[in-house]
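Below is one structure, written out as structure tokens; comments come after it.
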2 protein chains.
Amino acid sequence: MNFVDTTLRDGHQSLIATRMSTEDMLPALDAIDKVGFYSMEVWGGATFDVAVRFLNEDPWERLRKIREKIKNTKLQMLLRGQNLVGYRHYADDTVRLFVRKAVENGLDIIRIFDALNDERNLLIAIDEAKKSNAHVQGAISYTISPVHTIEYYLEYARKLIELGVDSICIKDMAGLLTPKDAYNLVSALKKQFSIPINVHSHCTCGLAPATYQAAMDAGADIIDTALSPFALGTSQPPFEPIYYALSKNGDLPALDWDTLDFLIDHFTRVRQKYAAFDVKMTTIDPKILYAQVPGGMYSNMVKQLQEQKMAHRMKEVLEEIPRVQKDLGYPPLVTPTSQIVGVQAVLNVMTGERYSKVTKEVKEYVKGFYGRPPAPIDPELVKKILGDEDVLIYVILGEIGKKYLQKR
Amino acid sequence: MNFVDTTLRDGHQSLIATRMSTEDMLPALDAIDKVGFYSMEVWGGATFDVAVRFLNEDPWERLRKIREKIKNTKLQMLLRGQNLVGYRHYADDTVRLFVRKAVENGLDIIRIFDALNDERNLLIAIDEAKKSNAHVQGAISYTISPVHTIEYYLEYARKLIELGVDSICIKDMAGLLTPKDAYNLVSALKKQFSIPINVHSHCTCGLAPATYQAAMDAGADIIDTALSPFALGTSQPPFEPIYYALSKNGDLPALDWDTLDFLIDHFTRVRQKYAAFDVKMTTIDPKILYAQVPGGMYSNMVKQLQEQKMAHRMKEVLEEIPRVQKDLGYPPLVTPTSQIVGVQAVLNVMTGERYSKVTKEVKEYVKGFYGRPPAPIDPELVKKILGDEDVLIYVILGEIGKKYLQKR
Ligand SMILES: [Co+2]
Ligand SMILES: [Co+2]
């Protein structure tokens, strides 16, 4: 079994709003490098933005400093396709430059995903990462909807593999993947393809530890975990018990507990240092299981409704979300589509008339700004948003028309 | 799959020092009864003591009030064999009266265990529970030691079944049962015996959710969970995600989320009410994985060492514990043996000479006061504690000699 340690990226991004600074990381690097992780996720996601915006830190400098200390473990980042580590589509040459610089500065593995699983958003990033001789991991955004079947995921994995990815990640950002679904999906991928399968989930609603167990039973090659001080809550499952269980039963060598002891104490102090930013969850958030939305999206909506003194209408909003998701062609609820769907669902409930107000983001989404949805967008909604004349441009000219409407 | 809800016993015992009062429970009972639990653990363990000692409550009255409201769900308690819900051995007629009264007041299932897995400590309680027509569950105290093999557990289960228990519980109080060991143990028990197998674990060191998954794969019939506000930390795995996963995949009917929503909100408020007593764990306690001791024992020892200004010697104490455990014939580390072993290990380290000071409890243990250990006690230790003359009485007269020494 191979472990990716997410402590320095998803761990603190999920639990302390990405506030861990380079100086908090440096004293731990020698020890982390000794644990025997397959890889460490240390860059990308929100770390780029938060380093500059809040920590007054150069993210490139952080990467170089980490690389200097980490001799034995691969380093990896999370890249949002053509969005890179930002929130809009960038020009192709920007994408190429970014990927090249990321690899030059020490990254071995680039995990690339698109919120809509539109592989066209990944083409440039994958191509450049391959040219830079990085290991390219293609990530599947996991979600639950009538169109997100095993066949759908297999088909998307096939597209990624055709683009040349070296491994596949099932990226379950909402933590909604069940043990049985994980077992079936991993089994199907392993049967069909010969490249390594990585599973990435979050503990938010309590499924992930059992889901990892089922995924390993099905032959998953790599799982993402965090050191326990930055695990659980909305983060990944903790590394220590999974490794312990495998080593106790002879499937892995014994852990160096002195090294772990040092790391646990170090990161426990780091977590305490950022208590002001801490999600401070002592248990799971079970409501997400019936809301079927990611934890971050859920708490955003609670906040949004409270500000409007509409907290009591949460249930209606939760019922509206799958309808909006359906109207928009079942986008997985991950940044940025989670916000797009969530805000529109709140608006639909608040106004009392669905789509009587439509956000700028939904308009852009319908115009194809974010890529191709997994299923067609509701034609009535397209008509409502674009107006009859534009619909004719959209329908008659297809992609060309779409591009024109986006740019106009 | 059958679920035992532990919220009203082990859940709050593990997370808020057993402080939940009857008035905190009553408003939730109608809803809990609707969820569809196989059973609710609501009595026994520390609840009897804490109700009287700290809450000024009649524990019998609590049981009657719960029974009055719970019409569809079985009610169960945890009974520490001849120790009942106290901390010493009681006379047989006390045990019989207690069990009879417990059933009379509304309990359906009595889960009976002995810390040493000495079935002689269970005879009277099992006999009386059967006479009272209760469902008797025999619990195996799970621990890790060279003598605690699958064969050992199968043999103990056989003894319990010969005594007439209706089901078997694997009681993993330290949360050290790994998925693979659970799979193997449950499979072996299911293969050998035809009565239901229940698994009870704690999340303290992060194994339990995956362990439940493996136990279910192996055919476990019943698992113990708590509602999420009283789950995780040092408590049981949360109910909601496990049920959700099974129902999503069609193995169970859908949950009534309105009822769950009410219960989650109610118990979230109750947990906040007792914040002063809360363990407030946001993640697992991974050190227990290498210390191999239960969480409660671990924190007691930390406190004990801190008071003696010896916190820096924790590592030596942790290394001494398995040696003391071996000397004492590998008792499982559960109340009261966890304290007995822990305090003696601290003494051995503090004094610098092993067993130069021996606690009263170790002396009583060696004299057989607590029952028969899983393996023989180290003869040197017996000699040291009893003195040569008493050793002769002990060795030559066996059980008779032991009884005499205990009573003298
Ligand atoms: Co993530
Ligand atoms: Co327990």
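The values are calculated or read from the model by the stated rules, or taken from the named source; none is laboratory data. Keep in mind that what you see is a predicted model, and the values were worked out from it rather than measured. Using ideal geometry, Cβ is built from the backbone for each residue, glycine included, and neighbour counts are taken over all protein chains shown.
Just to be sure, is residue B:145 part of a helix (DSSP H, G or I), at negative phi and either among the polar types (S, T, N, Q) or in contact (Cβ under 8 Å) with a residue 60 or more places away in the chain (or both)? Let's see the steps before the verdict.
Numbers: part of a helix (DSSP H, G or I): no; at negative phi: yes; either among the polar types (S, T, N, Q) or in contact (Cβ under 8 Å) with a residue 60 or more places away in the chain (or both): yes.
Taking the combined requirement at face value, the residue does not satisfy it.
Working only within the stretch A:21-41, note down all residues that are of a type in the set (A, V, I, L, M, F, W, C) and within 15 Å of ligand 1 (Cβ to nearest atom).
A:40
For the stretch B:302-310, does any single residue satisfy the condition of being within 14 Å of another protein chain (Cβ to nearest Cβ), surrounded by 15 or more Cβ atoms within 10 Å (Cβ to Cβ), without any contact (Cβ under 8 Å) to a residue 60 or more places away in the chain and of a type outside the set (A, V, I, L, M, F, W, C)? Full working, then the answer.
Within the stretch B:302-310, the first condition is being within 14 Å of another protein chain (Cβ to nearest Cβ), and the residues that meet it are B:302.
Add one more test, that the residue is surrounded by 15 or more Cβ atoms within 10 Å (Cβ to Cβ), and what stays is none.
No, every residue in the stretch B:302-310 fails to be within 14 Å of another protein chain (Cβ to nearest Cβ), surrounded by 15 or more Cβ atoms within 10 Å (Cβ to Cβ), without any contact (Cβ under 8 Å) to a residue 60 or more places away in the chain and of a type outside the set (A, V, I, L, M, F, W, C).
Residue by residue through the stretch A:320-355, note down the ones that are of a type in the set (Phe, Trp, Tyr) and either in contact (Cβ under 8 Å) with a residue 60 or more places away in the chain or on the phi < 0 side of the Ramachandran plot (or both).
A:330
Out of the residues in the stretch A:33-44 that are more than 23 Å from the chain's Cα centre (by Cα) and away from chain B (no Cβ under 14 Å), which is nearest to ligand 2 (Cβ to nearest atom)?
The first filter runs over the stretch A:33-44 and keeps only residues more than 23 Å from the chain's Cα centre (by Cα), leaving A:33-36.
Now narrow it down to the ones that are away from chain B (no Cβ under 14 Å): A:33-34, A:36.
Details: A:33: 38, A:34: 35, A:36: 33 Å.
Across the stretch A:33-44, the extreme among qualifying residues is A:36.
Does residue B:302 satisfy being assigned to a loop (DSSP other than H, G, I, E, B) and not aromatic (Phe, Trp, Tyr)? Spell out how you get there, then give the answer.
Details: assigned to a loop (DSSP other than H, G, I, E, B): no; not aromatic (Phe, Trp, Tyr): yes.
When the stated conditions are applied, residue B:302 does not pass them.
Tally the residues that are of a type in the set (Val, Ile, Thr) and within 9 Å of another protein chain (Cβ to nearest Cβ), restricting the search to the stretch A:193-229.
Taking the stretch A:193-229 as the starting set, the residues that turn out to be of a type in the set (Val, Ile, Thr) are A:195, A:197, A:199, A:204, A:211, A:222-223, A:225.
Now narrow it down to the ones that are within 9 Å of another protein chain (Cβ to nearest Cβ): A:211.
So the count comes out to 1.
Report yes if residue B:94 is surrounded by fewer than 17 Cβ atoms within 10 Å (Cβ to Cβ) and hydroxyl-bearing (Ser, Thr, Tyr), otherwise no.
On the way: surrounded by fewer than 17 Cβ atoms within 10 Å (Cβ to Cβ): yes; hydroxyl-bearing (Ser, Thr, Tyr): yes.
Taking the combined requirement at face value, the residue satisfies it.
Test of understanding: among A:180, A:130, A:190, which residue is away from ligand 1 (no atom under 16 Å from the Cβ), at pLDDT 95 or above, surrounded by fewer than 20 Cβ atoms within 10 Å (Cβ to Cβ) and within 14 Å of chain B (Cβ to nearest Cβ)? Steps first, please.
Values: A:130 fails: within 14 Å of chain B (Cβ to nearest Cβ); A:190 fails: within 14 Å of chain B (Cβ to nearest Cβ).
Of the residues listed, the single one that is away from ligand 1 (no atom under 16 Å from the Cβ), at pLDDT 95 or above, surrounded by fewer than 20 Cβ atoms within 10 Å (Cβ to Cβ) and within 14 Å of chain B (Cβ to nearest Cβ) is A:180.
Here is a check on your reading of the model: is residue B:232 at the interface with chain A (Cβ under 7 Å from one of its Cβ atoms) and at pLDDT 95 or above? It would help to see each step written out before you state the result.
On the way: at the interface with chain A (Cβ under 7 Å from one of its Cβ atoms): yes; at pLDDT 95 or above: yes.
Against the criterion (at the interface with chain A (Cβ under 7 Å from one of its Cβ atoms) and at pLDDT 95 or above), residue B:232 qualifies.
When you scan the stretch A:50-71, do you find a residue that is within 16 Å of ligand 1 (Cβ to nearest atom) and more than 18 Å from residue A:109 (Cα to Cα), even just one? Give the steps one after another, and end with the answer.
Keep residues of the stretch A:50-71 that are within 16 Å of ligand 1 (Cβ to nearest atom), which gives A:50.
Next, only the ones that are more than 18 Å from residue A:109 (Cα to Cα) stay: A:50.
Yes: one or more hits.
Examine the stretch A:326-338 for a residue that is crowded, with 19+ Cβ neighbours inside 10 Å, of a type in the set (Val, Ile, Thr) and part of a loop (DSSP other than H, G, I, E, B), and state whether such a residue exists. Before you say what the answer is, go through the steps one by one.
Within the stretch A:326-338, the subset crowded, with 19+ Cβ neighbours inside 10 Å is A:327-334, A:337-338.
Within this subset, residues satisfying the condition of being of a type in the set (Val, Ile, Thr) are A:334, A:337.
Next, from what is left, pick out any that are part of a loop (DSSP other than H, G, I, E, B): A:334.
Yes: the stretch A:326-338 contains one or more residues that are crowded, with 19+ Cβ neighbours inside 10 Å, of a type in the set (Val, Ile, Thr) and part of a loop (DSSP other than H, G, I, E, B).
From the list B:47, B:18, B:7, which one is among the polar types (S, T, N, Q), within 14 Å of another protein chain (Cβ to nearest Cβ) and away from ligand 1 (no atom under 16 Å from the Cβ)? Talk me through it step by step, then tell me what you get.
Values: B:47 fails: within 14 Å of another protein chain (Cβ to nearest Cβ); B:18 fails: within 14 Å of another protein chain (Cβ to nearest Cβ).
So the residue among B:47, B:18, B:7 that is among the polar types (S, T, N, Q), within 14 Å of another protein chain (Cβ to nearest Cβ) and away from ligand 1 (no atom under 16 Å from the Cβ) is B:7.
Suppose we keep only residues that are of a type outside the set (A, V, I, L, M, F, W, C) and at the interface with chain A (Cβ under 8 Å from one of its Cβ atoms) within the stretch B:235-250. Which one would you say is surrounded by the fewest Cβ atoms within 10 Å (Cβ to Cβ)?
The first filter runs over the stretch B:235-250 and keeps only residues of a type outside the set (A, V, I, L, M, F, W, C), leaving B:235-238, B:240-241, B:243-244, B:247-250.
When the remaining residues are screened for being at the interface with chain A (Cβ under 8 Å from one of its Cβ atoms), the result is B:237-238, B:240-241, B:244, B:248-249.
Values: B:237: 29, B:238: 27, B:240: 28, B:241: 30, B:244: 25, B:248: 17, B:249: 14.
Filtering the stretch B:235-250 for residues that are of a type outside the set (A, V, I, L, M, F, W, C) and at the interface with chain A (Cβ under 8 Å from one of its Cβ atoms), the one surrounded by the fewest Cβ atoms within 10 Å (Cβ to Cβ) comes out as B:249.
In this structure, is residue A:139 more than 16 Å from ligand 2 (Cβ to nearest atom), closer than 30 Å to residue A:286 by Cα and at pLDDT 95 or above? Reasoning before the result, please.
On the way: more than 16 Å from ligand 2 (Cβ to nearest atom): yes; closer than 30 Å to residue A:286 by Cα: yes; at pLDDT 95 or above: yes.
The answer is yes for residue A:139.
Of the residues A:218, A:231, A:254, which single one is closer than 22 Å to residue A:35 by Cα and out of contact with any strand residue (DSSP E or B) (no Cβ under 7 Å at 6 or more places or on another chain)? First the steps, then the outcome.
Details: A:218 fails: closer than 22 Å to residue A:35 by Cα; A:231 fails: out of contact with any strand residue (DSSP E or B) (no Cβ under 7 Å at 6 or more places or on another chain).
Going through A:218, A:231, A:254 in turn, just one is closer than 22 Å to residue A:35 by Cα and out of contact with any strand residue (DSSP E or B) (no Cβ under 7 Å at 6 or more places or on another chain): A:254.
Could you please find all residues in the stretch A:57-114 being of a type in the set (Asp, Glu) and under 16 Å from residue A:135 (Cα atoms)?
A:104, A:108
Pick from A:100, A:88: which is surrounded by fewer than 20 Cβ atoms within 10 Å (Cβ to Cβ), charged (D, E, K, R) and outside any helix (DSSP H, G or I)? Steps first, answer last, please.
Working: A:100 fails: outside any helix (DSSP H, G or I).
Residue meeting the stated conditions: A:88.
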